[in-house]
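Everything on this sheet refers to the single structure shown next.
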Amino acid sequence: MMVNTGTVVFCADIGGSFIKFGISRQQGDVTVLTKVATPTQSWDEFVLALQVLLSEHGSEVPEDTPLAISTAGLVSPQSGEVMASNIPAFAGHNLAAELTQLLKRKVSVANDADCFALAEAHVGEAMGMPVVIGIILGTGVGGGLVFNGQLVRGHGGVTGEWGHGAITRTELVIDNELVKVPRLPCGCGQTGCLDMLGGARGIERLHFELHQQKLDSHDIIAGWEEGNLQAALTFKAWVLLVSEPLALMVNILGPTKIVVGGGLATVIPLIAALDQQVRGATLHHYPAPLVVPGKYVNQGGLVGASVLGRQH
């Protein structure tokens, strides 16, 4: 896939609450111009919001300057529809095709986790590597896959979604003690998904199940770093639960690097412990760290969009 690194691209990161809008004059560099509320209920209002943003910030660039969008939800490469439960305005619309016509410019769209993976593979911690997995450990669990610089888009937009499927264990052995872990019902309709225990909310659920204690994930992390025994048990269990499906994904895809985004990526000792556990469970020996915090933990959507908008 050819990439024109010098093209000016507008970038938008669309979530259920806000649209972050910026401009990229060089791949990897994005200047955030503004942030506005996302019109989640109305397609017409959503299109109007983009038209206003492009009009207000487009006076110094060509009228057909492309727009690249990073969005919450699954982006189907077959229909172009975005399945985002928190943005019902997208339902029934081929986002890229319709916006290209309405905004009179090329519009490209990808899932935010996919954009994060794309950013890390082109200008981040896995720059130039042939097989890159980007994983999100934020509120929940997500992921994306880049192969030779190109985003892999699976059927229905599902690729790298390692947080779903009946994959969590019910028993763990920690410090020679048997620890029972529940398989919880997931919002996707299945039971036992890692998404329910692997993200920040998952840490809170896991801590409650192990200790019957409701704490915020920040407090649990702080307790773990301070040597609290209950928090330490929670994180030992978390590392075991998260490392197993991640090691399976390593054995299936053979990544050169796994780059972590989301809030938990900032907890460096936690990612180091996860990396050590994963590398001990894979068929291939990785002598250097495999699972590492990303360069674009907070801006991965916009930076990835800056790459997406330049690919032809």
Any hit, the stretch 151-170, residues being farther than 26 Å from LEU53 by Cβ, part of a strand (DSSP E or B), assigned by TED's automatic domain parsing to the domain that holds ARG201 and not small (Gly, Ala, Ser): no
The stretch 272-308, residues that are surrounded by fewer than 23 Cβ atoms within 10 Å (Cβ to Cβ), of a type in the set (Val, Ile, Thr) and in contact (Cβ under 8 Å) with a residue 60 or more places away in the chain: VAL292
Criterion violated by LEU233 - all others in (1) crowded, with 23+ Cβ neighbours inside 10 Å; (2) part of a helix (DSSP H, G or I); (3) not hydroxyl-bearing (Ser, Thr, Tyr) satisfied: (1)
Entirely in the stretch 1-102, the strands (runs of 3 or more DSSP E) that have 3 or more residues that are buried (at least 21 other Cβ atoms within 10 Å of the Cβ): 9-14, 18-26, 67-71
Filtered residue count, the stretch 250-264, keeping only those that are of a type outside the set (Val, Ile, Thr) and surrounded by fewer than 22 Cβ atoms within 10 Å (Cβ to Cβ): 4
Residue within the stretch 191-208 that is crowded, with 16+ Cβ neighbours inside 10 Å, in a helix (DSSP H, G or I), among the acidic types (Asp, Glu) and touching a helix residue (DSSP H, G or I) at 6+ places or on another chain (Cβ under 8 Å) present: yes
Residue list for the stretch 52-77, filter: more than 17 Å from LEU103 (Cα to Cα) and either in the same structural domain as ARG153 (by TED's automatic domain parsing) or among the aliphatic types (A, V, I, L, M) (or both): ALA72, LEU74, VAL75
Number of the condition not met by ASP112 [criteria: (1) surrounded by 20 or more Cβ atoms within 10 Å (Cβ to Cβ); (2) assigned by TED's automatic domain parsing to the domain that holds GLY261; (3) under 30 Å from LEU48 (Cα atoms)]: (2)
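The values are calculated or read from the model by the stated rules, or taken from the named source; none is laboratory data. Because the structure is predicted, anything quoted here is derived from the model rather than measured. Backbone-built Cβ (ideal geometry, glycine too); neighbour counts: all protein chains shown.
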